[in-house]
Amino acid sequence: MAPRGLYRPEQGTFCLPGASALPIMPGLPPRMPWRSRVAYIIAQPCIGVKTGACAAICPVDCIHPGEDQMYIDPVVCIDCGACEPECPVEAIFEAEHTPEPWRGYVAKNADFFRKT
C-alpha cells in the first residue's frame, strides 16, 4: 500500500497531502538508537492472527508481517497512533505502556528489524 502522506526521513518530517510538514518527533533526530525510539509495538494477541488492519491504516507503511505476527518498524514509525484503535485483537501498545506480561515484545519488535 502506498503511503498516504510524504515521509522525509532525511528531514525528519511527515506531511499529509495539503498540510504543512510536521516533525516526526520534536527535538529528536529521526534516527535514534533502536531501544530509545520504539514508539509502538505489537504483542502476543497478534500471534497467529495477522489481520493486517493496522498495516492498512498506517500512513507511512511501517507495519510488516513476520512469520508469526505483524511488526512495527521503529525507525519508520512516526508515533501517530493510528494503528492502535484499528487492531481487532488489541495487540498494539505504546512501548512504555506495554502490559507487564508482554514487555518482552518491545525487544522482539526491535530485534525483528535488526535482522531484516
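FYI, it's all coordinate maths here, none of it is from the lab. Quick caveat: nothing in here was measured; it's all calculated off a predicted structure. Virtual Cβ from ideal backbone geometry, glycine too; neighbours counted across all protein chains shown.
How large is the Kirkwood hydrodynamic radius of the stretch 77-116, in angstrom, based on all distinct alpha carbon pairs?
That comes to 11.2 Å for the stretch 77-116.
Multiply the residue gap between Val49 and Ala82 by 0.36 nm, knock off their C-alpha separation, and tell me the result in nm, one decimal place.
Gain on extension, Val49 to Ala82, equals 10.0 nm.
Taking the Cα centre as origin and putting +1 on Lys and Arg beta-carbons and -1 on Asp and Glu beta-carbons, what dipole magnitude results for the stretch 31-115, to the nearest 20 debye?
Value, rounded to 20: 360 debye.
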